[in-house]
Amino acid sequence: MPIEQEIAQLRDEINFHLYRYHVLDAPLISDTEYDALYRRLLALEQANPELVTADSPTQRAGADPLEGFEKVTHPAPILSLANAFNEADLRAWRTRIGRLLPDPDMTLDYVVEPKLDGLTVVLTYENGRFSQGATRGNGEVGEDITQNLRTIVALPKRIPVDPNSELTPPPTLVVRGEVFFPLDKFEALNAARLAAGEPIYMNPRNTAAGSLRQLDPAKTAERPLTLYCYDWIAWEGVEPPTTQWQRLERLRQYGFPVSPDSRHCANLDEVAVAYSDWIAKRNTINYEVDGVVVKINERPLADSLGFVGKDPRGAVAMKFPAQEKTTKLLDVVVNVGRTGILAPTAVLEPIEIGGVIVRNATLHNYDEIARKDVRLGDTVLVKRAGDVIPYIIGPVVELRDGSERPISTPTHCPVCGEPAVRPEGEVAIYCDNLSCPEQLVRRVEYFVSRGAMDVDGFGSQTAVLLAEKGLIHDIADIYYLERDTLLTLEGFKDKKVDNLLNGVAASKQQPPARVLTALGIRYVGSVVAGLLIDALGGIDQLAAASVERLQEIEGIGERTAVAVTSWFANERNRAVLEKLRTAGLTFAAAPPATATARADTLAGLTFVITGTLPTLSRDEAKALIEAHGGKVTGSVSKNTSYLLAGEKAGSKLSKAQSLGVPILDEASLMALLHPAI
């Protein structure tokens, strides 16, 4: 193929993938495969400089902005970086820039920053107030997403954020940052969507980008996005610090969020160590990175080196080893989860991704399989990130040869043979058999957990052992365990057995809301269980209630009502329930008058919630407080009645302590709600 034709073909291909990645947020190839195409084009252009054109992807950054937003011209080019893939590439970069330095061997220090895998934004502040925010777009013109960015809590609306700061905001300051989705928030969002029977999102980067490109800012506000800022683009009326490290610190002083994982390195050897450290820890932090950015610390010196095409010479991006690769989909097996979800798992031709041999990957649900048109025998793109189970991004359709076969949806549980159930409007498929052997251990673990029956001395290993020995066949069997039988098990001595049986016996005193929670009915957590029991008076009344009656209860929707009535209609579940009743568990709540009084227990009180609670999410805690007459606000003040604090409570805890606001933990909140329990 002639050089001119290959270059033209590469440009077309790269521009297409840039469009898929930056505009549609739906990439078809992995970063590694894209980098290979880009390096090939770059090499050909360097060998044939007369063929370089202004519209080549090597001469520009990003892709054209989306239609539907006002266009913003940036005050300076918003460029990307040349790539390095190992220490040898890093040192080659240092040798190249050395030729342009006053002394090639002069000592340089560096700043190593995480290369965030999010959406680049350009933030403009006029007289200390946030006035405009834009995407990078093509590096010169971006999309005006000011109103969407205003919904991000971490973005300072004015600078300095600290009213006591002695810093004076510059008349104009334009900074660069990256908006991203924290991984724990992303996983929580997907878990909620999965539980709601909605399609899940494939990766944090594309979800963050799609959230910022909503035409309705209210949609953006629903997503817990955040950002880190890391560079000064333009300024007036102020002299910026002369080093990158000092510029990061000044951004912090102004109130911008800056990655705490950036590092100052005295020399290139320290940079190489920092890169190795990042590879080791990349999967332990709460945001996605695909490499690190190495910047010469002295900014005037770095800026004086100029550019190569679109790449500033004073910095380089060191990419991490790939965590996306292609392989063959050999089979699909069905796993049964604790709640009975029949989850499809891909069996793959083994492939190494990020130092780990991957043989299995999640396919999420059968609607996702159909939407992506994944077929048995496909070549598929697989991504691995951290401790998350690898997942299939999608098939490489171009590589199909006609032998691929559709993946069928199961009609029965593969373990117990009970018919599979798909509630109307949901994507998930379930086995509703409470005694299904595959679900047994997981159900028992949940039943005895702290947030449910709180059985002291009953851990997951005990559940596994008792199931393997055939001593439990459903959750109710734990109340029929015999001391002499337990003593025959390896490792079970008198004290351990007595502690276990005492814990089981004590759990019989748990209130009916705890019993209902422990049953593991879909959509019935501790908050919903409390609402149901308070409204109906007990488990027996709940079992007899219709869908229509349940929907009359504030906070109970059709989906939950259907799940509850379906559970109680199952003959196997009713048999387990009778065994629990016979064992002496509490099914009836306090008299209705007491329950009614409890609905106003927190009337007139204002709460603020912070940190991670042991068993309740923040939304559940908020719903619980409001269901009992309380009010929940977002900030601590002298008018706050209580701060409900969990682990990693942060600044709200400090402020509450300084104002003398009483501090509650989850147990103390429950004591307020149920003083007699």
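Charges at C-beta only: +1 for Lys and Arg, -1 for Asp and Glu. How large is the resulting dipole of the chain about its Cα centre, in Debye rounded to 20?
Using only the charged Cβ atoms, the result is roughly 1200 debye.
Compute the convex hull volume of the Cα atoms of segment 95-137, divide it by the residue count, and report the result per residue in Å³ as a whole number.
Per-residue hull volume (Cα only) is 187 Å³.
To one decimal place, what orientation-averaged projected area in nm² is obtained for the convex hull of the Cα set of segment 135-286? Walk me through the numbers before you get to the answer.
Values: hull surface 47.0 nm².
Reported value for the Cα convex hull: 11.8 nm².
Once you sort the root eigenvalues of the Cα gyration tensor of segment 78-206 as a ≥ b ≥ c, which label holds: rounded (a/c under 1.5), prolate (a/b larger than b/c) or oblate (the other case)? Don't skip to the answer; put the middle values down first.
Details: a/c = 2.26, a/b = 1.29, b/c = 1.76.
Because a/c hits 1.5 or more and a/b fails to exceed b/c, segment 78-206 counts as oblate.
Restricting to DSSP loop positions (anything but H, G, I, E, B) with no more than 14 other Cβ atoms inside 10 Å of their own Cβ, which trypsin sites (Lys or Arg not before Pro) remain in segment 356-441?
Numbers: sites: 359, 371, 372, 375, 383, 384, 400; in loops: 375, 384, 400.
In loop regions of segment 356-441 (DSSP not H, G, I, E or B), the sparsely surrounded trypsin sites (Lys or Arg not before Pro) are 400.
For the Cα atoms of the chain, what angle does the longest principal axis make with the long axis of helix 31-47, in degrees from 0 to 90, nearest 10?
The two axes meet at around 0 degrees.
Could you derive backbone 3J(HN,Hα) for segment 230-242 from the dihedral phi with the Karplus parameters 6.51, -1.76 and 1.60 (θ = phi - 60°), listing whole Hz in sequence and x where the residue is Gly or Pro?
8, 7, 9, 9, 8, 6, 9, x, 8, 9, x, x, 8
Which pairs break 20 Å Cα to Cα here: 325/372; 185/638; 219/631; 115/310?
Details: 325/372 17 Å; 185/638 30 Å; 219/631 25 Å; 115/310 18 Å.
Checking Cα-Cα distances, 185/638; 219/631 exceed 20 Å.
Pop out the Kirkwood hydrodynamic radius of segment 473-549 from its pairwise C-alpha distances, inverse of mean 1/r, in Å to one decimal.
14.6
How far apart, in nanometres, would the label points at residue 96 and residue 548 be if each is projected 7 angstrom from Cα along the Cα-to-Cβ direction?
Reported label-point gap for residue 96 and residue 548 is 7.4 nm.
Enter the angle in degrees (range 0 to 90, nearest 10) between the Cα long axis of helix 244-254 and the first principal axis of the Cα atoms of the chain, meaning the one along which they spread out most.
That helix lies at roughly 50 degrees to the long axis.
Along segment 364-371, what does the Karplus equation 6.51 cos²θ - 1.76 cosθ + 1.60 (θ = phi - 60°) give for ³J(HN,Hα), rounded to whole Hz, x for Gly and Pro?
Going residue by residue, I get 6, 7, 6, 5, 5, 4, 5, 4 Hz, with x marking Gly and Pro.
Report the semi-axes of the equivalent ellipsoid for the chain in whole Å, largest first, where each axis is √(5λ) for an eigenvalue λ of the Cα gyration tensor. Please report the intermediate quantities before stating the final value.
Values: eigenvalues 535, 212, 109 Å².
Three semi-axes, in Å: 52, 33, 23.
Setting aside same-chain residues fewer than 8 positions from residue 495, which lysines have a Cα under 25 Å from its Cα?
Partners within reach: 469, 508.
Say the cut-off is 29 Å between C-alpha atoms; which of 319/652; 157/655; 71/319; 319/648 go over it?
319/652; 71/319; 319/648
Just to be sure I follow: if Rg is taken over the C-alpha atoms of segment 432-588 and Rh is the Kirkwood radius over the same atoms, what is Rg/Rh?
Radius of gyration over Kirkwood radius for segment 432-588 works out to 0.99.
Using only the alpha carbons of segment 600-673, what is the convex hull's orientation-averaged projected area in square nanometres?
Quarter of the Cα hull surface area: 4.2 nm².
Note down the Stokes-Einstein diffusion coefficient of segment 298-363 in µm²/s, whole number, using a Kirkwood radius over alpha carbon pairs, 25 °C, and 0.890 mPa s.
Diffusion coefficient, whole number: 154 µm²/s.
Ignoring everything except DSSP H segments at least 4 long, calculate the 222 nm mean residue ellipticity for the chain; use -39,500 (n - 2.57) per segment, divide by total residues, nearest 500. List each step's numbers first, then the result.
Numbers: 25 runs with 240 residues, N = 677.
Result for the chain, helices only: -10500 deg cm²/dmol.
Tilt of helix 268-281 relative to the longest C-alpha principal axis of the chain, in degrees (0 to 90, nearest 10)?
Roughly 30 degrees between the two axes.
Going highest first, how would you order 490-502, 234-246 by mean Cβ packing within 10 Å? Please list the in-between numbers first.
Values: 490-502: 13.2, 234-246: 14.9.
Ranked by mean Cβ neighbours within 10 Å, highest first: 234-246, 490-502.
Could you state the per residue volume, in Å³, of the convex hull enclosing the Cα atoms of segment 358-490?
Once divided by residue count, the hull of segment 358-490 is 177 Å³.
Of 317, 628, 611, whose Cα points farthest to the positive end of the dipole of the chain (charges on the beta-carbon: +1 Lys, Arg; -1 Asp, Glu; origin at the Cα centre)?
Of 317, 628, 611, it is 628.
In bins 10 Å wide, starting from 0, what share of all Cα pairs of segment 290-412 does each bin hold, as a percent?
For segment 290-412, the pair-distance distribution reads 12, 33, 22, 14, 12, 6, 1.
Laboratory data are not the source of any read-out in this text; all were calculated from the coordinates shown. Bear in mind that the values here come from a model prediction, so they are computed numbers and not experimental data. Please note: Cβ atoms are built from the backbone with ideal geometry, for glycine as well, and neighbour counts cover all protein chains shown.
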